[in-house]
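Step one of this worksheet: look at the structure below.
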Amino acid sequence: MNMSQRKSFLNLMLVCVLAATVLLPAIAPAQDMQSISRAELNDKIRGGMAGQMVGVAYGYPTEFRFLGEIVDSELKWTPDMVSNALEQDDLYVEMTFAEVMDRVGVDATSEQYGDAFRDSKYPLWHANAAARRHLNNGVKAPMSGHPQYNIHANDIDFQIEADFIGLMTPGMPQETIKFCDRVGRVMNYGDGVYGGNFICGMYAAAFFESDVKKIVETGVACMPKGSGYRAIIEDVIAEYEKNPGDWKACWKNINAKWDKHDSCSDGALKPFNIDARLNGAYIAIGMLYGEGDFAKTMDISLRCGQDSDCNPSSAAGIIGVIQGYKALDPAWVSGIPAIANDKFLFTDYSYEEFVASTEKRALATVDRAGGKIDGDTIWIPKQTPVAPALEQWGMGTPLASITVVDPGWKWTGDWKADEGSEIWWDPPTRTTEEVGSEATVKFTGTGVALVGLHSTKGGMADIYLDGEKVAEVNAYIPEDTTERDLWHNTELDEGTHTLRVVVKEEADPRSTGHYFSIARVIAFDSE
C-alpha cells in the first residue's frame, strides 16, 4: 500500500469512527437499559400526580370515619371536587421534601430533610407531629423517626408522603429504596419506612409494567423478608390468588389477622388503626382486585376504610402512571386544568410546577444511576430491587387501657376533669397547671405508654417508675402539632409497676405555662 492509498484508508477509517460516534447515542448503551420518551415520561408523571389528587379528593369525605368496617355509603364525584386536593396534607407535606431536593439536589441528607420539616408550619399529627416535636427539641433526623423517641414509628405518615419519590424514579426501584431510606427516617422506622418502599417501588415499576400483580410484587421485593409489612402484603396476594373475585373476603381475612395490635397511642385497643401495614394492605387490595381499572382500584382501596383518602390516593396515583394522563377518563380528571396553576396549600408548587420539577428530578436520578438522556429518548438502567436490612419494632400487644376515669388513679394537686366526647380523638382527660401536682397509677406489663396532650403552654414533669426517676417529660409542642405520646418504655421487667408523674417548676422557655394533660396509660406485653 503506497502513501496515497494509506492516507485514503486512514481518512476512510476516521469517517467511519465519526459516523459511529454520531450514531451511538441513538443506540442503547451497553449495559441493560430500557427506554422511554420525554413526552411519555412527562405524561406518566402527570397521570401519577393527577391520580393522587383525584384519589385523595374522592376519599376525603370518608377519612377515618369507617374504622374496622367497609365503607358502604354512596360516594359521589364531580370533576370540580378535585380542587380539595390542594388543601390535603397527603400532597403538600411531600412537597416539603421535594423542595429540599430541588434546592439542595437529589443527594440531600436525612438531616437536611429533617431541618426543613422542623421549620414547617402546617398542621401535623402522629409520626409527623412527634418528629417535628423532637426536631424542635434538638433531636436530628434520622433519630427523629426512631422508636426511642417516636412511638408512631410504624404509622402511615411516610407512606402517604412518599409518592413523589416513586414518580421521580421511573423503572429504578433501587433508587427508590435509597431515597426512602433518607426521607422516611425523618418520621418513621422499620415498617413505617418500608411503607414508602412498597408504594414507591410500585410507582417505579408502573412506568414500564402494566400487569398490576407484577407491580405489587415489585413493591414487595423492596421490603426485607421477615418484616411485618412484607408479610401482610404477601397475605393479600395469597388471598387474591385463592379468590380473585371477592375483595371483601380478602379484606375480612386480612383484618381478622392483622387489625389487632396497633400500638399507636390513639389506636391501641380501639378500632382506629393508622398503622402503615394495614393501610398498605388496603392499597394492595385495591391494586389487585381493581385489575388496572382506575375507578375500580380507587374505589376498592377507599372502601377498605381507615385512612380512606390516603390509600386511594396512592393506588390511583400508581394506576395514573400506568395509563398516563392522556388516557385517564375525563370524568375523573377534567377538573384539573382549571386548578393546574393554583398553589398547593403551604407550598410554592402548582400541579404544573410540581410535574415539571418532578421531571427534572427524574432526569437527574436517571443520570446519577448511570442512565443516558439522548434528545427525546431516555435510557434508564434496569434495576432489580435489593431490600434493605431488616429492622422491626413494636410496643408489643396492648393489654390494658387505664383511662383517667379509672378508680386506680390517685391524684394530688389541682387536676381538672374534662370528660371529652364520644369521638376517638377526644378522650376524657385530667389537666393541671399547678406545679407539684402528682398522678399515680399501677399497671401490669413489659411496656407502657403515658398518653396526654402536648400544648404550646405545656409544662414539664418527672416520671417515676417503681419509685425511681426514669425520665423527664417536656409537654411543650410547636403550634399546629398534635401529639399525645408523653412518654413510653418497652423494656420493663414482667410484673406490676407503679407509675408516678410529678409536674415540675421548670418549663420550656418557649412555653407559655405549666399545662400538663393526661388521658390514659396503655400497658403492653412484649409477646
| field | Residues Thr440 and Ile373, FRET efficiency given R0 of 45 Å [Cβ-Cβ distance, rounded to 0.05] | value | 0.10
| task | Counting other beta carbons within 10 Å of each Cβ, put Ile518, Ile463, Ile45 in order, fewest first. | result | Ile463, Ile518, Ile45
| query | Computed over the Cα atoms of region 344-397, what is the ratio Rg over Rh, Rh following Kirkwood? | reply | 1.21
| request: Taking the Cα centre of the chain as origin, sum charge times position over the Cβ atoms of Lys and Arg (+1) and Asp and Glu (-1), and report the length of that vector in debye to the nearest 20. | output: 1660 debye
| request: Would you mind ranking Glu175, Glu111 so that the residue whose beta carbon has the fewest other beta carbons within 10 Å leads the list? | output: Glu111, Glu175
| remark: Ordering 130-140, 180-190 by per-residue average of other C-beta atoms within 10 angstrom, highest first, gives 180-190, 130-140
| message | Could you tell me how far the Cα centroid of region 302-332 sits from the Cα centroid of region 208-244, in Å? | response | 18 Å
| said: Please give the charge dipole size of region 397-525, origin at the Cα centre, charges +1 on K and R Cβ atoms and -1 on D and E Cβ atoms. Round to the nearest 20 debye. | reply: 200 debye
| field | Sequence ranges 320-328, 296-304, ranked by mean other-Cβ count within 10 angstrom, highest first | value | 296-304, 320-328
| Could you give the length gained on full extension between Ala364 and Gln392, defined as 0.36 nm per residue of separation minus the Cα-Cα distance, in nm? | 6.8 nm
| note | The exposure ranking of Phe208, Phe198, Phe97, fewest beta-carbon neighbours within 10 Å first, is Phe208, Phe97, Phe198
| message | Taking each pair of distinct Cα atoms in the chain once, what is the resulting Kirkwood hydrodynamic radius in Å? | response | 24.4 Å
| field | Convex hull volume of region 350-436 per residue (C-alpha atoms, cubic angstrom) | value | 303 Å³
| said: With unit charges on the beta carbons (Lys and Arg positive, Asp and Glu negative) and the dipole taken about the Cα centre of region 252-372, which residue among Ala340, Cys304, Leu328 sits farthest to the positive side? | reply: Cys304
| Given labels modelled 7 Å from the Cα in the Cβ direction, how far is it in nm from Lys410 to Lys242? | 5.1 nm
| query | Normalised by the residues of the chain, what does the relative contact order come to in percent, with Cα pairs under 8 Å and at least six apart? | reply | 19 percent
| Cα to Cα, under 26 Å, and not fewer than 8 places away if on the same chain: which lysines meet these conditions relative to Lys416? | Lys270, Lys442, Lys457, Lys469, Lys504
| request: Obtain the radius of gyration and the Kirkwood radius of region 436-527 from its C-alpha atoms and give Rg over Rh. | output: 0.99
| query | Listed highest first by mean packing, meaning other Cβ atoms within 10 Å per residue, what order do 255-263, 155-163, 285-293, 33-41 come in? | reply | 155-163, 285-293, 255-263, 33-41
| query | About its Cα centre, how strong a charge dipole does region 107-232 have in debye, to the nearest 20, once Lys and Arg get +1 and Asp and Glu get -1 at the Cβ? | reply | 280 debye
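Coordinate-derived values only; no laboratory data. Everything numeric in this text was worked out from a predicted model, so none of it was measured. Every residue, glycine among them, receives a Cβ derived from its backbone with ideal geometry; neighbour counts consider all protein chains shown.
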